[in-house]
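Input: one structure, supplied below.
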Protein chains: 2
Amino acid sequence: MKDGPDIARIAALIGDPARANMLTALMSGKALTATELSQEAGITLQTASSHLAKLDAGGLLSLRKQGRHKYFSIANDQVAHLLETLMGLAAGSGHLRTRTGPRDEEMRKARVCYNHLAGHMGIVMYESFLRKGFLHVATDDLTLTNTGASFVDGFGIDLKELKAKKSPLCRECLDWSERRSHLAGSLGRSLLARMENLGWAKRVPGSRVVRFTKAGQAEFDATFQR
Amino acid sequence: MKDGPDIARIAALIGDPARANMLTALMSGKALTATELSQEAGITLQTASSHLAKLDAGGLLSLRKQGRHKYFSIANDQVAHLLETLMGLAAGSGHLRTRTGPRDEEMRKARVCYNHLAGHMGIVMYESFLRKGFLHVATDDLTLTNTGASFVDGFGIDLKELKAKKSPLCRECLDWSERRSHLAGSLGRSLLARMENLGWAKRVPGSRVVRFTKAGQAEFDATFQR
DNA sequence: TTCATGGTTCGACCGTAGTCGAAGCATTGT
DNA sequence: ACAATGCTTCGACTACGGTCGAACCATGAA
C-alpha cells in the first residue's frame, strides 16, 4: 500500500507558510542570508534558523558560508521546477494571494526565475531559439546546436566555461503565468546575466520583476522577436 | 514581500501523510471510493472523509457520485504532473520509503500513472512516436500529426470520440523512475486501455504495476520497439 | 581584549490540525 | 417499512510543530 517515494515529507516542508515565503523569495535566484529570509517571511531569526535547517536537511536548499554570513539558495533546477509547477497550479486554481496590480503586470511580462528570464519575454526568447534551430529538443533533454552555439558565442557568452560546470546547460522550465516552457539551466542564467551586463535590463530590488530599458527592449526585440 | 501564488496552501494539502497516501493511490488513475482510500491510507472512514473534503476544496481531486458511492480521482493532468514531479524529487534525494524489491523492479518497467502507461515501456512507446513523426512537439504542447492519427486509428482507437472531449489529447508527463517524458493526456489513456483490451497486459490489482503477457510483450516490441 | 553582529540552541508556550467514537443522513436492497 | 451500507458531522482528545525570549557560540572589527 505504500508505493513510490515519500511525497509527504517534501510537500510538508513547502507546506508551511513561512517556509513557502522563503522559497518564493529564493526563486529570484539570488542567494539570501538567514536574516534577510527571516524578514521576508515575517518571523524572527530564531524560527527562521530552524526552518532553514529543515529545508536544508530536506535537500531543498543549498548553503554557502561566507565569513559570518550564511547564504541560502534553491538547491537545483529540479527543485526550482517543482516550485514553479506548484505556482502554476496555485495560480490556476484562482487562489492568487495578492490582488493583481501594476506589479503583477510587470511580473507577467518579465521576471526572474531561479536566475533565468521568465514570463512573456522569457517565452519569446525561448521560442525564437527553437524557431532559429538553436536548440534541439529530444524527449526530455535540450541540446544546443552548432548554430545555436555560435549565436551564444557572438552574444558574448563564454560557452567553454559554462560547459566545464557540472550543472546542465539547457533545461526547460514551465512558466506559471504563461503555462509554457522557457529556457532554464546554466545557459538560461548566463543569457539573463549578459543582458543585465549589456544594460538592457535591471532587476527591481526586493522583487522578481525584471525591468527593461526602452533601448534594451528594442535590442531584445531586434534580437529575438523575429 | 508576498509575490506570486499561494504555494503553501497546496503543498500543505499534499504534506499530510494520510492525504499523500491517498493521492499516491489515485495516481493509478482508477477512481476510488472513500472507504477504499481510507484503507489505503490506514485511517478510519471519518478522518478520510474530512481529508477528502479538503483535497476536493483545494482543487486536487474531482469527484463523481454514483448511487451511495463517491468516487474520487485526480482532478486533472496538471495535478498528476505535480505529483510525479514530487515523486521524482523525493526519489532523487534518496529517501525512498520502501526498500527496493521485485515489486519495485516491475514498477520501473511498466506502471500506470493516472491511467496512462509509465515506466520504461511508457518511454519506449513515447520515443517511438517521436521517431516515427507521430507527434509534433512545439514549445509545450504536443499535437498528433496526420501520420500519427492514421496509426492511432489503425490501432483501434476512435479519435473522433477522443477529440470531442474537452480534456487535452496529448500531454507530456515526467517519469519519476526514468526522469524522462512519456505520453499522457486522453490519447495516452486510450492507448493503455486498448492494450489491455487486446490482452497485451493486465494491471496487477492493488498496485500500479502493469504486467505484460509474453505474447503482449512481443506485440508491443514489434509495434513500438523500432 | 572587548565589543558588535550573525546565527544557533534551549526551553516553554500555544494553537492548529489530525484522530477517532458516536450519532446522524442518505441511498439502496429486501 | 425496515435493515444495511456508504458517507458526513459533531465533539472531544491529543500531539506535533511553529513561535519567541533568553542564553549561547562564532566570526569579524576596534
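For the range A:7-75, what D do you get in µm² per second when you plug the Kirkwood radius from alpha-carbon pairs into Stokes-Einstein at 25 °C and 0.890 mPa s?
Numbers: Rh = 11.7 Å.
Answer, rounded: 209 µm²/s.
Which whole-Hz ³J(HN,Hα) couplings does the range A:82-87 yield from phi under the Karplus relation 6.51 cos²θ - 1.76 cosθ + 1.60, θ = phi - 60°, glycine and proline marked x?
Whole-Hz 3J(HN,Hα) from phi for the range A:82-87: 4, 5, 5, 4, 4, 4.
Below 8 Å, C-alpha to C-alpha, sequence gap of six or more: please give me the relative contact order for chain A in percent. If you can, show how the numbers build up before the last one.
Details: 304 pairs, mean separation 40.7, N = 226.
Here the relative contact order equals 18 percent.
Can you list the residues, at least 5 places off or on another chain, whose amide H is less than 5 Å from the amide H of B:THR33, using H built in the peptide plane?
Here B:PHE72 satisfy the definition.
Using a cut-off of 27 Å between alpha-carbon atoms, which lysines can reach A:LYS160, once sequence neighbours fewer than 8 places away in the same chain are excluded?
A:LYS30, A:LYS132, A:LYS202
Which residues' amide hydrogens lie under 5 Å from the amide hydrogen of A:ASP6, considering only partners 5 or more residues apart or on another chain, with H built in the peptide plane?
B:ARG97
Kindly provide the pair-distance distribution of chain A built from C-alpha pairs, with 10 Å bins from 0 and whole-percent values in order of increasing distance.
Percent of pairs per bin, in order: 7, 31, 35, 21, 6, 0.
In whole percent, what relative contact order does the range B:7-75 give with Cα contacts below 8 Å and a gap of six or more residues?
Result for the range B:7-75 is 33 percent.
Tell me the angle of helix A:17-26 to the major Cα principal axis of chain A, expressed in degrees between 0 and 90 and rounded to the nearest ten.
So the inclination is approximately 30 degrees.
So if I take the alpha carbon set of the protein assembly as shown, get Rg, then get Rh from the Kirkwood formula, what is the Rg over Rh ratio? Can you show the working numbers first?
Numbers: Rg = 22.6 Å, Rh = 23.3 Å.
Result for the protein assembly as shown is an Rg/Rh of 0.97.
Which residue of chain A is nearest the rotation axis onto chain B, counting by its Cβ, and what is the distance in whole Å?
A:GLY15, 2
Could you work out the local net charge near B:GLY148, counting Lys and Arg as +1, Asp and Glu as -1, over the other residues with Cβ closer than 12 Å to its Cβ? Write out the running numbers ahead of the final one.
On the way: positive: B:ARG131, B:LYS132; negative: B:ASP153.
Summing Lys/Arg as +1 and Asp/Glu as -1 gives +1.
Residues with beta-carbon under 9 Å from that of B:VAL210, excluding B:VAL210: net charge, scoring Lys, Arg +1 and Asp, Glu -1? Please list the in-between numbers first.
Numbers: positive: B:LYS109, B:ARG111, B:LYS202, B:ARG203, B:ARG208, B:ARG211; negative: B:GLU106, B:GLU196.
Residues close to B:VAL210 contribute a combined charge of +4.
On to the next question. Before rounding to the nearest 500, sum -39500 (n - 2.57) across all DSSP H runs of length at least 4 in chain A and divide by the residue total; then give [θ] at 222 nm in deg cm²/dmol. Before the final figure, lay out the partial values.
On the way: 11 runs with 111 residues, N = 226.
Helix-only estimate at 222 nm: -14500 deg cm²/dmol.
Each value in this text was obtained by applying a stated rule to the coordinates, not by laboratory testing. From a predicted model like this one, the values you see are computed outputs, not experimental measurements. Here the Cβ is made from the backbone with ideal geometry for all residues, glycine too, and neighbour counts use every protein chain on show.
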